[in-house]
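Here the structure is laid out as structure tokens; the discussion comes afterwards.
The values are calculated or read from the model by the stated rules, or taken from the named source; none is laboratory data. A quick note: this is a predicted structure, and the numbers were derived from the prediction, not measured. Counting neighbours? That spans all protein chains shown, and the Cβs are built from the backbone with ideal geometry, glycine included. Just so you know, the surface numbers come from the protein's heavy atoms only, side chains and all, with ligands and any DNA or RNA stripped out. Shrake-Rupley method; radii C 1.70, N 1.55, O 1.52, S 1.80 Å.
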Amino acid sequence: MEKITEKILLEKSSPKTNKLEQIKILNLSRMGLKGEDLPVPLLSKLCSLEQLDLSGNMLQEIPKGLCLPSLKILNCSNNEMEDVVSLEAQRNVEELRLEDNLYLTVNDEHKVIFLLPKLRMFNGKDISSTAHHIRHGSTEILRKRVIGVWERSFSLPDPITAQSLAAVEKRFVHAACTQIKYGPNSLSEYTKWRVEMIAKEYLKSLTCSDGGKITYTTPTKENEVKPRDLGGNSVTSPQKRTRNNSEVAAEASPRKSSRLASAAPVEASPRKSTRVTSTPLKTDPIMSSPRKHARMTNVGTPEGSPRNSSRLENISQKGASKTESPRKAAKPVISTPTSRPAKGESPRKTAKDQTTAQQSKPKTAKTENNTPRKTASAKLKVPQEPVSLQPLHVLQCHSRQDSPDDFSTQLWACAFEPPQECISGGSRTVATCGGETLCVIECESGHVLKKYKVPGEEFFSLAWSTVLMSRTGGSARPCNILAAGGKRGLVKLIHPRVNLAFGEFRASRRAISIMRFSPRNASFLFTGTYENKIFLWDIGGLDRDYNFKISKLLVLETCSTPLHLSLLPTSPDTHLLSGCDDGLYIFDIQLSKNTQKRNEEMEIVFPVYKKKDKKNTYRTIDGLSFLSDDIVASKSHMQGSIYLWSWRATRASWNGRKKEVPAVVLAELQWSSTDVPYLSLGTCPGYGYVVCGDEQGRLWMYHITDTMMENFKSGKTISATEVLEWPSPVRAGMGALEGPSINGIAMDPDLHYLVALTDKNMAVVWKRESR
């Protein structure tokens, strides 16, 4: 049903009239409107409209093609505006309000002042003098500098063709944007935007003749050169332009199976640019709306159109049939949400049984004698006996269109629900994400309890937190919420227990790579993004209608994509560790300091960096987790091992001047020599376990005990306590499936269950055996 009709416009107009052409004042505030809800043909009939209130909606831009020639006062405050260029058509606007639009910065303010030549009141302030400088003074200065760049380094091509002129324009614009610096750094985006505009206008003025038309020289057949292939045959030039790498990446997942392009933009849209606020922003209330309150539906309900809003699906929970003991069943059977899983036995491999290739590979600890090593400062109070795990379920619950033949969807992240509000009691409930779905699974039965689907999304990360929800009478109760994000840059907020997806907000213009809630401030959410930034958000508490307010607290600048985030177990509000595509960085996150936008405080460097060659820098930190209050487990891509290092000792060795600080390595754990990146590790501090999967579906288990801590001085590479082989599940008609890469691992605090996610749409649940 259309939200805006002629009847609604007449009802909300002033003065009251029966003709759209006579409306002068229109109030469309707080209607939950998006851009597509504004019908351009209908609104274009408002030729006499002078005042328009669109505040309190969800507009990201003003629809293209909408021009209101008489409009003088426009209120777009408290929306989700990302593009002020869309306001350009309203050239007669004199008063404009854009407060409380989370993604607009001072650069956008300058843009809108330039684009609207009659604007004199902005956000309630008179901007006459500022506007004159922006439109005329700074423009003239930039124009002179642009001309200087052209005269120093460029000239028109001879002959002038469309292709040659386009090539010159590209080089000229790039040179001007790179060389010209003007104004404060906070306005660099606006300056580049104006410089690009001025450069194109200037080049066009040089090439205009014959009444303003650009004259090109068309190549004749004599001087035309056709491209040829290696066989000497003519190659027909494609009619469509060749797309650059970023455009191709925009259609694909930022994390392909090849795992090479880690920083590709998700949606390459020329009208939208990445914006980061350099000053604290006002809170942006996100109001409760039908769009966000998506109830779970039964799985038997026919699936809706992809145009429908995101929904949560309730999986049918039939009683599980009894299966044989894992020790008796030969192979586990893959389960889908409509079939029951069987248990299976896994072949095991101890450290002594590891292959000769693994035993004979060079040991970094022996060859790098300069590595700082130190015995751990605190003992690990963990059980001395190792645990024994058996495969319990292999689930295929993230399939596209629920197809049992989907073995290509990659699963990326999983996390156990906090015990406060677990659906089945204890920490037996785990959330997993991959493809366009997010699942909540009960580990013991293998039931998929909840399934959340967003057509066109690809989820990369998720995180649980326990927040307070207001109740009638002023009291509050804790509830477990789930946040998830991925390719679209949106954070989805879900309350699984009541089957409700209650909200969302945009965290980035590019993909979200990693998310982490603060254990001390339950409403603080860190999001790492493919625009090489980490944002700290405060989502606040929830009222009884699930309304909340989002505010941005910090912007942390990274030099590459953040892959993992870890907070100090004893003081999670002081420092953040970020494993990135190009190193491990430490950020000061104390909010008592006034600066909102920050760079890293220091970088932790590792001995493996010394092996740098032309093919690999070994700086991609694709595994990071605390094993205790002090000991950190981390690994680099192609390292072939896992470092255990001391946070306190490393921090104490920093002199406060140099950015790079060598890690105080305590031990090196032998691992797979694979070249596959993004195989993350997991830790279980309560039981002293580090676990990391490999490219063959195996799980490398390391039980770090007090006895092992005593041997850290020796400098020897430590073998795995146990290597669990891939359980080789059997698919009807397909036989046993080969081991895939293990992308992610999660363990509950008591190590009753371990969940491993693969790059072939299989989630494996392992269970600890009772002794």
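Of note:
- Residue that is surrounded by the most Cβ atoms within 10 Å (Cβ to Cβ), among those in the stretch 448-489 that are among the polar types (S, T, N, Q) and in contact (Cβ under 8 Å) with a residue 12 or more places away in the chain: 461
- Filter pass, residue 679 being aliphatic (A, V, I, L, M) and in contact with a Phe, Trp or Tyr (Cβ under 9 Å, 6 or more places away or on another chain): no
- Residue pairs whose Cβ atoms lie under 6 Å apart, separated by 6 or more positions or on different chains, with the first residue in the stretch 647-669 and of a type in the set (Lys, Arg) and the second open to solvent by 10 Å² or more (accessible area, probe 1.4 Å), are 659/603.
- Scanning the stretch 577-620 for residues that are acidic (Asp, Glu) and in a loop (DSSP other than H, G, I, E, B) yields 581, 582, 600, 601, 613.
- Residues in the stretch 717-771 that are within 23 Å of residue 625 (Cβ to Cβ) and basic (Lys, Arg): 767, 768.
- Filter pass, residue 68 being out of contact with any Gly (no Cβ under 7 Å at 6 or more places or on another chain), at pLDDT 90 or above, part of a strand (DSSP E or B) and not aromatic (Phe, Trp, Tyr): no
- For the stretch 646-692, taking the residues that are open to solvent by less than 10 Å² (accessible area, probe 1.4 Å) and in contact with a Pro (Cβ under 9 Å, 6 or more places away or on another chain), the one that is nearest to residue 619 (Cα to Cα) is identified as 663.
- Tally, over the stretch 71-113, of residues that are open to solvent by less than 50 Å² (accessible area, probe 1.4 Å), over 22 Å from residue 34 (Cα atoms), of a type outside the set (A, V, I, L, M) and modelled with pLDDT of 90 or more: 2
- None of 109, 99, 140 is farther than 24 Å from residue 506 by Cβ and of a type outside the set (Phe, Trp, Tyr) except 140.
- Filtered residue count, the stretch 678-689, keeping only those that are closer than 24 Å to residue 561 by Cα and outside any loop (DSSP other than H, G, I, E, B): 3
- Taking the conditions (1) part of a loop (DSSP other than H, G, I, E, B); (2) more than 19 Å from residue 75 (Cα to Cα); (3) open to solvent by 40 Å² or more (accessible area, probe 1.4 Å) in turn, residue 17 satisfies each one other than (3).
- Residues within the stretch 750-760 that are at pLDDT 95 or above and open to solvent by less than 10 Å² (accessible area, probe 1.4 Å), tallied: 5
- One residue stands out in the stretch 547-563 among those that are out of contact with any Pro (no Cβ under 7 Å at 6 or more places or on another chain) and open to solvent by 20 Å² or more (accessible area, probe 1.4 Å): the one that is farthest from residue 498 (Cα to Cα), namely 559.
- Filtered residue count, the stretch 575-604, keeping only those that are of a type in the set (S, T, N, Q) and open to solvent by less than 20 Å² (accessible area, probe 1.4 Å): 2
- Scanning the stretch 185-213 for residues that are within 22 Å of residue 153 (Cβ to Cβ) and either modelled with pLDDT of 75 or more or surrounded by 14 or more Cβ atoms within 10 Å (Cβ to Cβ) (or both) yields a total of 18.
- Condition check for residue 675: within 30 Å of residue 763 (Cα to Cα), touching a residue at least 60 places away in the same chain (Cβ under 8 Å) and part of a loop (DSSP other than H, G, I, E, B): no
- Sole residue being in the same structural domain as residue 9 (by the TED database) and under 22 Å from residue 11 (Cβ atoms), chosen from 33, 115: 33
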